[in-house]
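First up is the structure itself, then whatever we jot down about it.
Values quoted throughout were computed directly from the atomic coordinates according to the rules given, and no laboratory measurement underlies them. This is a predicted model, so every value here is computed, not measured. For neighbour counting, all protein chains shown are included, and Cβ atoms are generated from backbone atoms with ideal geometry for every residue, glycine included.
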Amino acid sequence: MVVKQQLEMAIRHYLQNTLPEGAALPEIHLSRPKQQGHGDYACNVAMQLARVLRKSPQVIAQQLVAGVDWPAVVAKAEVAGPGFLNIFLQQAAEAAVLGRAVMQGADYGRVALRDDLPRVNLEFVSANPTGPMHVGHCRGACVGDALGNVLISQGYRLQREYYINDAGAQIGVLAESVWLRMRELNGATIDFPDGCYPGEYVVGIAQGILLEHPFAVLDALDATVRQQLIAPLAVAANMAMIRGDLAALNITFDHYFSESALHDAGSVARLIAQLQHDGWVYRGTLPPPKGKEVVDYQPVEQLLFRTTKCGDEVDRPLEKQDGTPTYFAADIAYHRDKFDRGFGRQIDIWGADHGGYVARVQAAVQAVTDLVGQPEVMLVQMVNLLRNGTPVKMSKRAGTFVTLREVVDEVGADAVRFNFLTRRVESQLDFDLEAAKKQSEENPVYYVQYAHARCAAILRKADEAGLLLLPPEAVDLALLGAPEEQRLVTMMLAYPEMLATAAERLEPYRVATWLMAFAAALHRFYHKQRVMVDDAEVSQARLLLVRAVKQVLSNGLAMLGVRAPERM
RNA sequence: GCGCCUGUAGCUCAACUGGAUAGAGCAACGGCCUUCUAAGCCGUAGGCUACAGGUUCGAUUCCUGUCAGGCGCACCA
């Protein structure tokens, strides 16, 4: 059992036996004090109880110190400040974490697979297959991949999924764009209409398809037939490109799910029929949207879903004016499909521009699966791409958007990932290309990686010196008494707790900020204490410390998908 | 007009769901390499946490209002 839980239980046990009848047991919250002098854990329960017991928090805390049956790992507990209970652990008991980290290796901080948890479907990126990924997708990609790692580390069975929006009008536009490029390649002069995809990659796709399907053959086809031929080929080409872009970021998915397959299988139509049967839909007319001028608004009777019954503002259409299903209808079927595939928990990572979409999807999913609050939607705020402090204007139409690939090539996958993972998703952030390049050698990511390389260098040095590393149990941990050493030990103890918190709150950025603090602790230790000294026992103790630190750095970086280099 | 997110050092961001002296990285200034990696360390400077109220032992955190920025507001995806 984790120390934190032992402490919690000990305190709860005491309170249960001593609190007067009817007094509610407060939540026992143990925190890691920022100040080293405040012990390994702090508890504020005395202050919470002050009002109920009509006693000063200091007095209550004092009673806790004396009365609680503290676990053996506790060295002492004392009252501090306004009534904090500061708990200090046995130094040797704490330092046992070093052996665990070294022995468990990559598994340190991880939890075994838990069958009691719902299976998780994590959907992210899902960029439209109409072109290469642009930098806007990058943040969601990094966050999603890291979150997947974090959840898996805490025992979740998780699948990473990419939803391919390969249905709808945009695909027709894509096919038409490819066809125009084909005609251009064939010698025609084309005036490209506004809605088309102008990017250079469309030419490549056109060329690729022409290799298999000669122009004359395509030209002879009926326009609709031709489009049906070109569209899937163009989508496939774009998806190959997108997979390549993701691979450049070291991101892979377990499953790619096709929207058109959903339509082809009749899932959408079946869902609508089912909803009609269950009384969730009706024919009605929506009022014009408020606050925004809709020039072409016409009151039209549509098939509407009663999302208002589950907390949405207005009911939402399932069919367009022409009778074909809306994207929303397909999306309900999609989330229903995830449920049918056995995912009791669905997490979607969307861009902030989809914020208005959350309520209706959650309402609909609740209606068709009885899962309340699903999908859990993480809204990732926008990234402002800057170059030398000025915004980079991005327009798909003008073909001026910056691709993910360009950014990765410029800045490097490790730096890109770390950069996007040090911030909470709720905060919009600026990403300056020039700054990222210029600072590429002073980036936080290198600070952490350097700490790892430094540990590796020390261990190499020890190896070259012919030093035989003792097994952890043979090392005298009491020799690690310096503040810098204890700081490292404390942080390693906190690592599993940090991971658990990151998973619980869906906040992978915690790993990155923790790593920066941990790396700082290592660098400080390095400058203060020499590892290999004349005293062989001290050397062994510090080498064990370095081995453990290197391992935990490596584990943390792995969570973020960032390399842990042996040399820099 | 309504909804969601945000406002913290010159810049980019943290602060462990309400805790103790608000911290890192860049940028600035001053020190530290003939011993394990100077992509590092130590020090200095930099803050009315947008503003005004409220809740309580205690507020960057929770509530209300104001201001500022971002995103969204049928039949696109």
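For the pair A:E301 and A:A520, a Förster radius of 56 Å applied to the C-beta separation gives a FRET efficiency near 0.30, rounded to the nearest 0.05. Farthest towards the positive end of the charge dipole of the stretch A:184-254, among the residues A:I251, A:V217, A:Y197, is the Cα of A:I251, using unit charges on the Cβ of Lys, Arg, Asp and Glu. Amide H contacts of A:S126: A:Y163, each under 5 Å away and 5 or more positions distant or on a separate chain (H built 1.01 Å from N in the peptide plane; Pro and chain starts excluded). Using alpha carbons only, the radius of gyration of the stretch A:433-472 set against its Kirkwood radius gives Rg/Rh = 1.29. Taking Cα atoms only, the orientation of helix A:358-369 departs from the longest principal axis of chain A by about 90 degrees. Taking amide H positions as modeled 1.01 Å from N, with prolines and chain starts lacking one, no residue 5 or more places away or on another chain lies under 5 Å from A:G83. Applying a DSSP loop filter and a limit of 14 other Cβ atoms within 10 Å to the GluC sites (Glu not before Pro) in the stretch A:335-435 leaves A:E426. Across the options A:N44, A:F339, A:M568, the greatest Cα extent toward the positive end of the charge dipole of chain A (unit charges at beta carbon of Lys, Arg, Asp, Glu) belongs to A:N44. An ellipsoid equivalent to the stretch A:67-184, defined through the eigenvalues of its Cα gyration tensor, has semi-axes of 54, 17, 14 Å when rounded to whole angstrom and sorted largest first. Length available on full extension from A:K55 to A:H255: 0.36 nm per residue minus the Cα-Cα distance, which gives 66.1 nm. Below 28 Å, Cα to Cα, which lysines can A:K34 reach? Residues fewer than 8 away in the same chain don't count. The reachable lysines, counting only those whose Cα sits under 28 Å from A:K34, are A:K4, A:K55, A:K76, A:K528, A:K550. The residues A:H277, A:H38, A:H335, when put in order of fewest to most other Cβ atoms within 10 Å, stand as A:H277, A:H38, A:H335. List the aspartates and glutamates whose Cα lies under 12 Å from the Cα of A:K338, skipping any in the same chain that are fewer than 8 positions away. Partners found: A:E123, A:E161, A:D348. In this calculation the C-beta distance from A:K393 to A:L185 is compared with R0 = 41 Å, giving a FRET efficiency of 0.90. Ranked by the mean number of other Cβ atoms within 10 Å of their residues, highest first, the peptides A:107-118, A:548-559, A:238-249 fall in the order A:548-559, A:238-249, A:107-118.
Between A:Y327 and A:K76, residue separation times 0.36 nm minus the direct Cα-Cα distance comes to 84.2 nm. Residue separation of A:L233 and A:D463 scaled by 0.36 nm, minus their Cα-Cα distance, works out to 77.2 nm of gained length. The order of A:H354, A:H29, going from fewest to most other C-beta atoms within 10 Å of their C-beta, is A:H29, A:H354. Histogrammed with a bin width of 10 Å, the alpha carbon distances of the stretch A:489-568 distribute as 16, 47, 27, 9, 1 percent, first bin at zero. Averaging over all projection directions, the Cα-based convex hull of chain A occupies 34.5 nm² in the image plane. Is the shape of the stretch A:341-410 rounded, prolate or oblate, going by the alpha carbon gyration tensor and its root eigenvalues a ≥ b ≥ c, with a/c under 1.5 for rounded and a/b larger than b/c for prolate? Prolate, since a/c reaches 1.5 and a/b exceeds b/c.
Helix A:444-464 versus the longest principal axis of chain A: what angle, 0 to 90°, nearest 10, using Cα atoms? Roughly 50 degrees, rounded to the nearest 10.
Ordered by the count of other Cβ atoms within 10 Å of each Cβ, fewest first, A:T18, A:T224 give A:T224, A:T18. In degrees, nearest 10, range 0 to 90: what is the angle between the Cα axis of helix A:91-104 and the longest Cα principal axis of chain A? Between the helix axis and the principal axis of chain A, the angle is about 40 degrees.
With a sphere of radius 14 Å drawn around the Cβ of A:A474, what net charge do the other residues whose Cβ falls strictly inside it have (Lys, Arg +1; Asp, Glu -1)? So the environment of A:A474 carries a net charge of -2.
Every helix of 4 or more DSSP H residues in chain A counts as -39500 (n - 2.57), and over all residues that averages to -16500 deg cm²/dmol at 222 nm.
Using the Kirkwood radius over Cα pairs, work out the Stokes-Einstein diffusion coefficient for the stretch A:383-462 at 20 °C and 1.002 mPa s, in µm²/s as a whole number. Answer, rounded: 149 µm²/s. When DSSP beta bridges are restricted to pairs lying wholly in chain A, around 50% turn out antiparallel. The H on the amide N of A:Q90, modeled in the peptide plane, is under 5 Å from the matching H of A:V74, A:A75, each at least 5 residues off or on a different chain.
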